[in-house]
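In what follows, a structure is listed as structure tokens, so that the remarks can point back to it.
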Amino acid sequence: MKHTQLHWTVIAIAAALSLAMLWVAPLLWALSTSLRPEYETISPVLHYLPRRWTVEAYAKVLGAGNVPRWLFNSALVALAVTVATMAISLMAAFAFSQLRFRGRNLLFLLSMLALLLPFEALLVPLFRTMNGLGLINTYAGIVLPQVVSPVVIYVFRQFFDAVPHDFRDAALLDGASPLRVLWSVYLPMSGNIVWAMAIVTFIGAWNNFLWPFIIVTSNDMMTIPLGLTQTYDAFGVRYAQLMAAALLGAFPVALAYIVFQRRVTQGLLAATGLKG
Amino acid sequence: MKATRRSEALSAALLLLPFMAAFVLFFLLPAFQTLYLSLTESSLTRTSAFVGLANYDTLVHDPAFWSSLGNTFYFSVLTVIPLTALGLAMALLVDRFTGDRQRAGTWLQSVFFLPYVLPISVMTLIADWMLQPSSGIVNHLLGVQRAWFSDVHWAMPVVAIATVWWTVGFNMLIFLAGLRNIPREQYEAAALDGARGFAVFRHITWPALLPVTVTALVLQLIASLKVFGQTYIMTTGGPFNTTRVTLHYMYETAFTQSDAGYAAAVAMAFMFVVVALGLLQALLLRKRK
């Protein structure tokens, strides 16, 4: 019996190792490519490691062209989306959860409808609306539609619902305004879930491709995921630079994930309704 | 008391205002506009004539629409089962590393999940570089000279494989959450009864994971139906439109042919499919609870 147990452990470790290798290999290959001089990437003989290590490609990508600008746009947009989404979702969720007013459930259900309809199907009229508002190729145009996040409201509402009402009533009796109650009573208690949702929102906004693709046409306004699809024109076929640009574009989200791993997974699970 | 009630309603209105404004402008209105546009002949910026169901009549007889829907389903078939099965397998592997091997488990989980947080164009750039016909590492390892993305038979499967690499980590996460929700006592009881290995999986793990699997399958199916970026960036719908999916067709109709009315009809058909599956999921989830 002991024997079969060991046997399975060996198989599991072997499978885990080979799958893990398969999963990091493309990233390592991109990294290895980005650290070569350009001529090595088109050499007919393939070497797994650079023959000459160099950060030339990174220097080129960061020194000229649009990549720094795209990175800046992405950072600005992702931060704006995150802050705005958190603010309006916390306020809305607090109202839905803790305040009594007519039509509360109806409004809430209506907003949750947005979970069902795919955003992708609304692109055409959304573009027309933004065009009408004169927001094509503007930061506001990229940011605004992304702040509507029923999932975040749903998660926050569930969290607020679980807080005993005594907290709210005591504070309200003391004459505190609802916004004040939200800020100084509920928010400190919800730190974890707010951080989790904020990081997930940030990663999502940084990675968003479809909406910037629709609303941005000018090179200067592109975010990094969108800009990277234009890099063939920008660099010709320069693979070391392409891989360097790709890894630079992935760096902020990869870092956010590695540092806040628990919160990212917690936030994603909450968003799919699998864990509160 | 009445006064408090009124002030509460006022506060609620103020707190809800920013969200509701954005919600109406960027969701509710576009949703109704999609329906309305689909009944008109419109360009990307101008609405012209009300044409009733004419767009839908065209849609039903449009081979390009049906082929795009076929491509969407083909992509879904190629991704949904592998993504779910591999996600489950990865979760089971990660879950084996517990106790003093917990650190290895955490590492493994990070490695499997990391590609999921990459922007889509990073994923496609890396895939493109690896699959280069002459200098690509894949052809080098396989000893062939294939141009994967311009091969009618290979283009879609290759996009599917890249997608599996990119997104499977999320499914692993769902299964991992499911696995960790199984009470340890069940395993202890089974061990006392002398069950081990595959028997434990069959009688305890799998029944507990079945509802999670259903959730993962439906979430994945909906995600796969929404495919656009991967095929658009990697193959631009080619070769010979064999990878042009429904959202891509909608995009082309609206933004390159400026036929917003017809594009809205395509969007409505697409929405119908996704919403039907979303409702199915809601039903299945309710059954679970």
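The values are calculated or read from the model by the stated rules, or taken from the named source; none is laboratory data. Computed from a predicted structure; not experimentally measured. Reconstructed Cβ throughout: ideal geometry from the backbone, glycine too, with neighbour counts over all protein chains shown.
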Inset, instruction - Assess whether A:THR82 counts as being facing chain B (nearest Cβ under 10 Å), among the hydroxyl-bearing types (Ser, Thr, Tyr), surrounded by 17 or more Cβ atoms within 10 Å (Cβ to Cβ) and touching a residue at least 24 places away in the same chain (Cβ under 8 Å). - result: no
Legend entry - segment B:206-245, residues that are over 16 Å from the mean Cα position of the chain (by Cα) and surrounded by 20 or more Cβ atoms within 10 Å (Cβ to Cβ): B:LEU209, B:VAL212, B:ILE233, B:MET234, B:THR235, B:GLY237, B:THR243, B:ARG244
Legend entry - Hits in segment A:114-145 (condition: closer than 29 Å to A:TRP195 by Cα, more than 9 Å from chain B (Cβ to nearest Cβ) and either touching a residue at least 12 places away in the same chain (Cβ under 8 Å) or not hydrophobic (A, V, I, L, M, F, W, C) (or both)): A:THR138, A:TYR139, A:GLY141, A:ILE142, A:VAL143
Inset, instruction - From A:TYR239, A:TYR257, grab the single residue that is within 8 Å of another protein chain (Cβ to nearest Cβ), in contact (Cβ under 8 Å) with a residue 24 or more places away in the chain and under 13 Å from the mean Cα position of the chain (by Cα). - result: A:TYR257
Inset, instruction - Out of the residues in segment A:205-224 that are closer than 16 Å to A:GLU120 by Cβ and in contact (Cβ under 8 Å) with a residue 40 or more places away in the chain, state the one that is surrounded by the fewest Cβ atoms within 10 Å (Cβ to Cβ). - result: A:LEU210
Legend entry - Breaking point among (1) surrounded by 17 or more Cβ atoms within 10 Å (Cβ to Cβ); (2) small (Gly, Ala, Ser); (3) more than 10 Å from every other protein chain (Cβ to nearest Cβ), for B:SER258: (1)
Legend entry - Whichever residue in segment B:6-43 is more than 7 Å from every other protein chain (Cβ to nearest Cβ) and modelled with pLDDT under 90 and, among such residues, is surrounded by the fewest Cβ atoms within 10 Å (Cβ to Cβ): B:ARG6
Legend entry - Test set (1) modelled with pLDDT under 95; (2) within 12 Å of chain B (Cβ to nearest Cβ) - A:GLN158 fails condition number: (2)
Inset, instruction - May I ask you to list the residues in segment A:137-169 that are crowded, with 17+ Cβ neighbours inside 10 Å and aliphatic (A, V, I, L, M)? - result: A:ILE142, A:VAL143, A:LEU144, A:VAL147, A:VAL148, A:VAL151, A:VAL152, A:ILE153, A:VAL155
Legend entry - Leading residue by the ranking (nearest to B:ASP62 (Cα to Cα)) among those in segment B:262-283 that are of a type in the set (Phe, Trp, Tyr) and more than 7 Å from every other protein chain (Cβ to nearest Cβ): B:TYR262
Legend entry - Among (1) exposed (fewer than 13 other Cβ atoms within 10 Å of the Cβ); (2) touching a Gly at 6+ places or on another chain (Cβ under 9 Å); (3) at pLDDT 90 or above, the one test that A:TYR48 misses: (2)
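Matching residues to (1) within 29 Å of the chain's Cα centre (by Cα); (2) surrounded by 20 or more Cβ atoms within 10 Å (Cβ to Cβ):
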| site | (1), (2) |
| --- | --- |
| A:ALA25 | yes, no |
| A:LEU31 | yes, no |
| A:SER34 | yes, yes |
| A:GLU40 | no, no |
| A:TRP53 | no, no |
| A:LYS60 | yes, no |
| A:ASN66 | yes, no |
Inset, instruction - Determine which single condition A:VAL155 fails, assuming it passes every other condition in (1) among the aliphatic types (A, V, I, L, M); (2) farther than 30 Å from A:ARG262 by Cβ; (3) in contact with a helix residue (DSSP H, G or I) (Cβ under 6 Å, 6 or more places away or on another chain). - result: (2)
